[in-house]
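Colleague: Let me begin by handing over the structure; questions about it come next.
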Amino acid sequence: MKQLLIDTMVFEVTPTMLAEAKAEHGRFLVSGVLQRADAKNQNGRVYPKNILEREVTKYIGREIKENRAYGELDHPESSVVELKNTSHIVRSVKWSGNDVVGTVEILNTPSGKILQEIIKAGCTVGISSRGMGSVKQIREDGTVAVENDFDLICWDFVSNPSTHGAFLTPTNEGLIKEGVSQKNNTYRYKKAQNIMRDIICEVGGYCECY
């Protein structure tokens, strides 16, 4: 039976990328690894490369070509991308070994502005795929593989380190880092929450968040 499948990846943004992010006609562009094939993720799930290649090819020829490769800020419990919650659009995708690498434009929508401020403040944010499909167990340790009925929906940005295991963190090295400590994640998540609260309160003209 098909279910909603979520896979979160580390997505690094360097200070240099942040400085250049709005250099091209004021557009906020970031690039990095969106997803990895043939590797066990934080949820104990493996995406076979042949299946992911098929879905990425469809995504490039459909969503990206038609200029509608939207994503949301945080995962909804839905297989539909809601335009009112759109924070970004994927502009290009390519393969680098087993990695799906993409360039993402963070939009000036309400959710996009929140995401921009979180990233510029150096908070922890992750990139996460959303799709529908079924899985089958392939190892005794509970590891499962995505089956051939998988359909890629989009890539979302996520901001809850208690739920997702990989994050976007600005670093000088610009390298993918696994295993960020929970203490640092909790601090960054609270910092991100404060930024979102301040933006919402400023727009609304009042606040009951405190």
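Colleague: Quick test of your reading of the structure: residue 89 fulfils all but one of (1) assigned to a strand (DSSP E or B); (2) within 14 Å of the chain's Cα centre (by Cα); (3) closer than 18 Å to residue 6 by Cβ; (4) of a type outside the set (D, E, K, R). Name the failing condition by number.
Modeller: Checking residue 89 against (1) assigned to a strand (DSSP E or B); (2) within 14 Å of the chain's Cα centre (by Cα); (3) closer than 18 Å to residue 6 by Cβ; (4) of a type outside the set (D, E, K, R), the one that fails is (3).
Colleague: If you don't mind, there's one more thing I want to ask. So residue 37 passes all but one of these: (1) touching an Asp or Glu at 6+ places or on another chain (Cβ under 7 Å); (2) modelled with pLDDT of 85 or more; (3) more than 30 Å from residue 120 (Cβ to Cβ). Which condition number does it fail?
Modeller: Residue 37 satisfies all of (1) touching an Asp or Glu at 6+ places or on another chain (Cβ under 7 Å); (2) modelled with pLDDT of 85 or more; (3) more than 30 Å from residue 120 (Cβ to Cβ) except (1).
Colleague: Just one of 103, 109 is touching a residue at least 60 places away in the same chain (Cβ under 8 Å), touching a strand residue (DSSP E or B) at 6+ places or on another chain (Cβ under 7 Å) and among the hydroxyl-bearing types (Ser, Thr, Tyr); which is it?
Modeller: After applying the criteria, what remains is 103.
Colleague: A further question on this structure: Read through the list (1) buried (at least 23 other Cβ atoms within 10 Å of the Cβ); (2) more than 22 Å from residue 36 (Cβ to Cβ), then give the number of the only condition that residue 104 fails.
Modeller: All conditions are met except number (2).
Colleague: In the range 130-146, is there at least one residue being in contact (Cβ under 8 Å) with a residue 60 or more places away in the chain and either more than 24 Å from residue 45 (Cβ to Cβ) or within 11 Å of the chain's Cα centre (by Cα) (or both)?
Modeller: Yes, there is a match, as at least one residue in the range 130-146 is in contact (Cβ under 8 Å) with a residue 60 or more places away in the chain and either more than 24 Å from residue 45 (Cβ to Cβ) or within 11 Å of the chain's Cα centre (by Cα) (or both).
Colleague: Now for a separate question. Regarding residue 67, is this residue under 21 Å from residue 135 (Cα atoms) and not β-branched (Val, Ile, Thr)?
Modeller: Criteria not met by residue 67.
Colleague: If you don't mind, another one. Which one of the conditions (1) at pLDDT 95 or above; (2) surrounded by 11 or more Cβ atoms within 10 Å (Cβ to Cβ) does residue 66 fail to meet, given that it meets all the rest?
Modeller: Only one criterion in (1) at pLDDT 95 or above; (2) surrounded by 11 or more Cβ atoms within 10 Å (Cβ to Cβ) is unmet by residue 66, namely (2).
Colleague: Let me ask something else. Looking at residue 71, is it in contact with a His (Cβ under 9 Å, 6 or more places away or on another chain) and either crowded, with 16+ Cβ neighbours inside 10 Å or farther than 29 Å from residue 142 by Cβ (or both)?
Modeller: yes
Colleague: Considering only residues that are part of a loop (DSSP other than H, G, I, E, B) and among the hydrophobic types (A, V, I, L, M, F, W, C), which ones fall in the range 120-152?
Modeller: Within the range 120-152, 121, 123, 138, 150 meet the criteria.
Colleague: Let me ask something additional. For the range 36-46, indicate whether the set of residues that are part of a strand (DSSP E or B) and in contact with a Gly (Cβ under 7 Å, 6 or more places away or on another chain) is non-empty.
Modeller: Looking for residues that are part of a strand (DSSP E or B) and in contact with a Gly (Cβ under 7 Å, 6 or more places away or on another chain), one finds none in the range 36-46, hence no.
The values are calculated or read from the model by the stated rules, or taken from the named source; none is laboratory data. The structure displayed is predicted, hence computed values, not measured ones. FYI the Cβ positions are ideal-geometry reconstructions off the backbone, even for glycines, and counts take in every protein chain you see.
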